[in-house]
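Below is one structure, written out as structure tokens; comments come after it.
The values are calculated or read from the model by the stated rules, or taken from the named source; none is laboratory data. Keep in mind it's a predicted model, so treat the numbers as computed, not measured. Every residue, glycine as well, gets a Cβ built from its backbone with ideal geometry; the counts of neighbours run over all protein chains shown. Ligands, DNA and RNA are stripped out before the accessible areas are found, and what is left, the full protein with its side chains, is counted by its heavy atoms. Shrake-Rupley method; radii C 1.70, N 1.55, O 1.52, S 1.80 Å.
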Amino acid sequence: MEDLMNVVDWSRAQFALTAIYHWLFVPLTLGLGIIIAIMETIYYRTKSEKWLATTKFWMLLFGINFAIGVATGIILEFEFGTNWSNYSWFVGDIFGAPLAIEGILAFFMESTFIAVMFFGWKKVSPKFHLVSTWLTAIGASISALWILVANAWMQCPVGMEFNPDTMRNEMVDFVAIVTSPMAVNKFFHTVLSGWTLAGVFVVGVSSWMLLKKRNIPHCYRSIKVGGWVGFAGIVLTLATGDGSAVTVAEHQPMKLAAMEGLYDGNHGQEITAIGIINPDKKPGDNLDPFLFDISLPYGLSILSNHDMNAFVPGINDIIAGRSFTPDGTPVNTVSYAERMERGKAVRALLTEYDQAKKDGDIAKMDSLKDSINKDFKYFGYAYLNSPEDAVPHVGLTFYSFHIMVILGSYLLVFLMLILFIIYKKQGFEAKPWANKLHYLAIASIPLVYICSICGWITAEVGRQPWTIQDLMPNSIAISAISLGSVQTTFFIFATLFTALLIAELCIMFKQISKKSKENLETVKK
């Protein structure tokens with residue numbers, strides 16, 4: 001058992017490593033593609049060479065980032081087969097469909113039109129080139145759509161039925177999978193956050209050039225477009241975050257409780273604005289969950305249910321199966337202990353079904369199907385050792401969520417300030433505080449990345465220990481692979497990805513410095 005858990009932990013670590021490195025490149029691609037398309041649209045309408053030069057400057061950085069993002073993304077998808085083959089077998093009919101569409105449609109679309117975008121300036125008409133740029137940007141978002149649909153299904157499995165004859169889950173409603181509230185909110189929340197990241201990136205790089213007194217008109221042009229795209233992104237990200245909170249409250253209440261460090265829920269539940277988690281706190285004990293906290297009245301009830309008097313269950317409530325209606329009437333939900341018993345009963349029924357199938361006893365198979373389907377939604381609980389195993393890491397989930405919220409609020413204020421100042425720029429560079437604002441913009445680049453990564457940590461750590469919510473814990477999703485193999489590939493990937501990141505940063509810095517010294521008011525013939 002110890003070796004099994006080590007394989008699980010190392011496989012999770014390897015997947016997290018790959019995903020985090022991959023996500024360093026993806027959001028910049030999503031947002032920068034839109035920014036470039038807008039800049040080229042302005043060039044197409046004005047025929048101004050200065051806008052063409054600005055478009056090409058950011059297009060170069062987009063291309064560097066895009067190439068390395070593709071490399072890490074391919075490895076990420078292969079890991080489903082190498083490290084998580086039981087998961088891929090169990091739900092491959094469902095999970096594989098959006099990934100296949102992403103590869104065949106979206107990635108093909110990106111690959112085709114990105115070539116025209118970079119090498120077609122003098123080979124196709126300006127209109128066709130503009131269309132290609134927009135299709136590249138849209139293709140990146142479509143690619144993200146199908147990957148996020150697959151991820152959302154893992155968090156809220158819908159549109160499928162379990163087939164005891166094959167012992168696999170099979171898709172029965174593709175539309176339900178694509179249009180589930182979890183998928184819709186996750187797609188818009190993730191893609192729009194990419195707009196924010198790219199907007200801050202453009203503002204930060206332009207501010208560095210302003211510090212160097214290089215291409216000031218180009219920087220103003222870039223900050224205006226990047227600032228507006230980033231501002232639109234953060235406003236819409238906050239709006240979709242509200243929808244995400246409601247779906248999490250409905251489908252993953254344990255995640256919501258961990259996000260708030262909430263052990264015992266209440267009506268009109270307050271929300272923690274700032275807090276320090278008590279590391280010794282465990283479910284069911286009498287310790288205070290916080291060493292220090294500042295809370296806002298009714299906040300969590302409003303966030304999760306849009307009702308200031310709604311009951312929000314805490315970790316202890318969810319484990320025990322306690323809940324209440326808004327008027328205070330007790331509601332008995334299924335406790336985790338009972339879920340474990342029902343899951344074990346389903347597992348035993350599947351063993352009986354398999355034996356009946358071998359014996360050719362069709363009547364018994366038919367009689368067992370209804371019992372299996374009735375409680376199959378608790379199947380994954382059969383593999384937990386205790387109800388507490390279904391509680392995610394509260395500290396990591398809590399801090400990730402609150403860092404994301406704090407930085408997201410900061411980014412909203414920062415981008416509002418940038419837009420206000422850039423349109424009041426008369427004598428701006430002569431102001432004594434101008435350099436401080438430039439340094440703040442540069443510092444905001446790593447902050448927006450931290451915000452983005454914290455969002456993913458909240459989403460993924462908060463649903464642990466589940467690979468598929470309620471149906472498959474990590475312990476039975478992994479491949480039959482040795483611990484040494486996972487450890488070896490982990491360090492190979494860590495070395496490779498770190499080298500790729502360093503290479504990208506070096507190339508980025510070199511190209512930014514080199515191109516910033518050129519005249520970006522005209523285009524070299």
* Asked: Can you list the lysines whose alpha carbon sits under 17 Å from that of K213, skipping same-chain ones fewer than 8 residues off?
  -> K425, K431, K436, K514, K515, K517
* For the chain: accessible area per residue (Å², 1.4 Å) -> 45 Å²
* To do: Between L76 and R168, with labels modelled 7 Å along Cα→Cβ, what's the label distance in nm to one decimal, could you check?
  => 2.5 nm
* Asked: What does the charge count near K47 come to, summing +1 for each Lys or Arg and -1 for each Asp or Glu among other residues with Cβ under 13 Å from its Cβ?
  -> +1
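Ranked highest first by average number of other Cβ atoms within 10 Å, how do 410-416, 489-495, 70-76, 199-205 line up? Spell out each step's value before the answer.
Working: 410-416: 18.7, 489-495: 14.6, 70-76: 16.9, 199-205: 26.9.
Final packing ranking: 199-205, 410-416, 70-76, 489-495.
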* Give the residue from F107, L52, W146 lying farthest towards the positive end of the charge dipole for the stretch 36-172; charges sit on Cβ (+1 for Lys and Arg, -1 for Asp and Glu) and the dipole is referred to the Cα centre. => L52
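By the scheme Lys and Arg +1, Asp and Glu -1, what is the net charge of all other residues having a beta-carbon under 14 Å from that of R12?
Once positives and negatives cancel, what remains is -2.
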* **At q = 0.12, 0.13, 0.19 Å⁻¹, base-10 log of I(q)/I(0) for the stretch 174-253 (Debye sum, equal scatterers on each alpha carbon)** => -0.47, -0.52, -0.77
* So how strong a dipole does the stretch 265-363 carry about its Cα centre when Lys and Arg Cβ are +1 and Asp and Glu Cβ are -1, to the nearest 20 debye? -> 280 debye
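Roughly how many percent of the accessible protein surface of the chain is carbon and sulfur, given a 1.4 Å probe and a whole-percent answer?
Percent of accessible area from carbon and sulfur atoms in the chain: 66.
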* Neighbourhood net charge (14 Å Cβ-Cβ; Lys/Arg +1, Asp/Glu -1) for F95 -> -4
* Expressed as a whole number of Å, what is the distance separating the alpha-carbon centroids of the stretch 380-409 and the stretch 269-303? -> 14 Å
* Structure fact -> Per DSSP, the loop-located trypsin sites (Lys or Arg not before Pro) within the stretch 386-458 having at most 10 other beta carbons within 10 Å are K424
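Assigning unit charges at the beta carbon (Lys, Arg +1; Asp, Glu -1) and nothing else, what dipole magnitude in debye, to the nearest 20, does the chain show about its Cα centre?
Dipole magnitude for the chain comes out near 3740 debye.
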* At a Cα cut-off below 14 Å, give the aspartates and glutamates reachable from K282, other chains included and same-chain residues fewer than 8 away excluded. => D264, D317, E388, D389
* To do: For V235 and I481, compute 0.36 nm times the residue count separating them, minus their Cα-Cα distance, and round to one decimal in nm.
  => 84.1 nm
* Quote the accessible area belonging to M254 in square angstrom, nearest 10, computed with a 1.4 Å probe and with ligands, DNA and RNA left uncounted. => 10 Å²
